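Below is one structure, written out as structure tokens, with a few remarks after it.
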Amino acid sequence: MQGFLSLFLFIFIYIIMFDCFLMFACSALSLDFIERREMDHAADANRTDLMTITRFVLNEQSKYPESRGDFTILLSNILLGCKFVCSAVNKAGLAKLIGLAGETNVQGEEQKKLDVLSNEVFVKALTSSKRTCLLVSEELEEAIFLPPTPHGKYIVVFDPLDGSSNIDCGVSIGTIFGIYMVKDKNNVTLDDVLQPGNKLVAAGYCMYGSSCTFVISTGSGVNGFTLDPSLGEFILTHPNIKVPRKGKIYSVNEGNAKNWDEPTTKYVESCKFPQDGSAPKSLRYIGSMVADIHRTLLYGGMFMYPADMKSPNGKLRLLYEVFPMSYLMEQAGGQAFTGKERALDLVPSHIHERSPVFLGSYDEVEHIKELYAACKANGA
């Protein structure tokens, strides 16, 4: 009997000690959780100091006392469109948005389902801003003239989804846009959009890839923002982008090499087989202008889509591809050249006009300009 009581007492004491241990462990875990939660709250509080694109634009706006916020409202609608398209791109396969829509656009290209959706998104976003009077889209044959509004003073030209041939294989694609000011908002004509690129008041692109990146210039440098999905905000991640003066990368579709002119051929040969003892340049060509230009802005080098025997007027569209990207490149310290003149000095004759273009690091474009000048001097 005494042995049974001793065993019972031992078990009782063991249970009490085990309960105490559990209570202590749970208390420690609770304190750790509370401390971590407080740290997370502190981190979240610190994140309110981030430079969002909204804060950035408002700061810029405050520098101009006469500003009425019209551009800020327009930009917020463009950003909304970019977020919507980004979401659609991310779930395209699940939402059955991959594949052909069964139509062709004005360029004679088969339209992807996302092309059609993206175009509708941006047309509605820009129209609802009440700050636009004229829209030109790559996907639409005719320009869209909007009903006059008290603040409708902006013209927006855009490619709603550049590089859409890469949609099915998941390569980075993007939206390109340029913004002009109308001369007379009470008398808007097509001539208002047929302005040279040097008249742009802003230009940019949004790249949908491993992250959603928005790059813009309003004439005082280039800044890049990355979408934070947890906040739903674009955060400044690439302030004051400057393209390196020289680059180690060239980007071109070499499948067209047999049709190139002499200066282009010589430039590419110099990239592959430099005569000055320097290392050869690397070829990087994605086939999505937004992705290729984004890499060129950050790493330097040359992006080119030259005129050739197959496409003597070039292939890229002047208003909503060449002009916005040339504007960004110049604002970042680079150059943009057509083979004959500065790209931004061209005056388009119709809204879907095409043009050759060489754009990138200052010294790289200077090299191709010298090659064209030498070719012209030799009468070639």
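Brief remarks follow.
- Contact map, the stretch 316-337: residues that are open to solvent by 10 Å² or more (accessible area, probe 1.4 Å) paired with residues that are among the hydroxyl-bearing types (Ser, Thr, Tyr) and modelled with pLDDT under 95, Cβ distance under 8 Å, separation 6+ or inter-chain. Pairs shown: 331/220.
- The residues of the stretch 340-372 that are open to solvent by less than 40 Å² (accessible area, probe 1.4 Å), closer than 16 Å to residue 321 by Cβ and either aromatic (Phe, Trp, Tyr) or in contact (Cβ under 8 Å) with a residue 60 or more places away in the chain (or both), listed by number, are 343, 344, 346, 348, 351, 352, 358, 359, 360.
Per-residue answers, yes or no, for (1) among the β-branched types (Val, Ile, Thr); (2) under 22 Å from residue 125 (Cα atoms); (3) modelled with pLDDT under 95; (4) more than 14 Å from the chain's Cα centre (by Cα):
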residue: 145; (1), (2), (3), (4): no, yes, no, yes
residue: 154; (1), (2), (3), (4): no, yes, no, yes
residue: 162; (1), (2), (3), (4): no, yes, yes, no
residue: 202; (1), (2), (3), (4): no, yes, no, no
residue: 212; (1), (2), (3), (4): no, yes, no, no
residue: 236; (1), (2), (3), (4): no, no, no, no
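- Residue list for the stretch 196-245, restricted to those being assigned to a loop (DSSP other than H, G, I, E, B), more than 17 Å from residue 330 (Cβ to Cβ) and of a type outside the set (S, T, N, Q): 209, 229, 231, 232, 239
- Residue count for the stretch 357-380, restricted to those that are within 23 Å of residue 215 (Cβ to Cβ) and in contact with a strand residue (DSSP E or B) (Cβ under 8 Å, 6 or more places away or on another chain): 8.
- Pairs are defined by a Cβ separation below 6 Å, a sequence spacing of at least 6 or placement on different chains, a first member in the stretch 293-309 that is among the hydrophobic types (A, V, I, L, M, F, W, C), and a second member that is in a helix (DSSP H, G or I) and open to solvent by 20 Å² or more (accessible area, probe 1.4 Å); the pairs so defined are 309/259.
- Any hit, the stretch 313-332, residues being in a helix (DSSP H, G or I), among the β-branched types (Val, Ile, Thr) and closer than 26 Å to residue 155 by Cβ: yes
- Filtered residue count, the stretch 152-167, keeping only those that are in contact with a Gly (Cβ under 9 Å, 6 or more places away or on another chain) and either among the hydrophobic types (A, V, I, L, M, F, W, C) or at negative phi (or both): 11
- The one condition in (1) over 18 Å from residue 317 (Cα atoms); (2) aliphatic (A, V, I, L, M); (3) at pLDDT below 95 that residue 125 fails to fulfil: (3)
- Within the stretch 262-283, being open to solvent by 40 Å² or more (accessible area, probe 1.4 Å) and either within 15 Å of residue 375 (Cα to Cα) or acidic (Asp, Glu) (or both) holds for 262, 265, 266, 269, 276.
- Odd one out for residue 100, checked against (1) open to solvent by 50 Å² or more (accessible area, probe 1.4 Å); (2) closer than 26 Å to residue 234 by Cα; (3) at pLDDT below 90: (2)
Residues checked against (1) under 20 Å from residue 61 (Cβ atoms); (2) surrounded by 21 or more Cβ atoms within 10 Å (Cβ to Cβ):
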| residue | (1), (2) |
| --- | --- |
| 145 | no, no |
| 157 | no, yes |
| 184 | no, no |
| 202 | yes, yes |
| 209 | no, no |
| 216 | yes, yes |
| 219 | yes, no |
| 222 | yes, yes |
| 233 | yes, no |
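The values are calculated or read from the model by the stated rules, or taken from the named source; none is laboratory data. Keep in mind it's a predicted model, so treat the numbers as computed, not measured. Quick reminder, even Gly has a Cβ in these numbers, built from the backbone with ideal geometry, and neighbours come from all protein chains shown. For accessibility, only protein heavy atoms count, side chains too; no ligands or nucleic acids. Shrake-Rupley method; radii C 1.70, N 1.55, O 1.52, S 1.80 Å.
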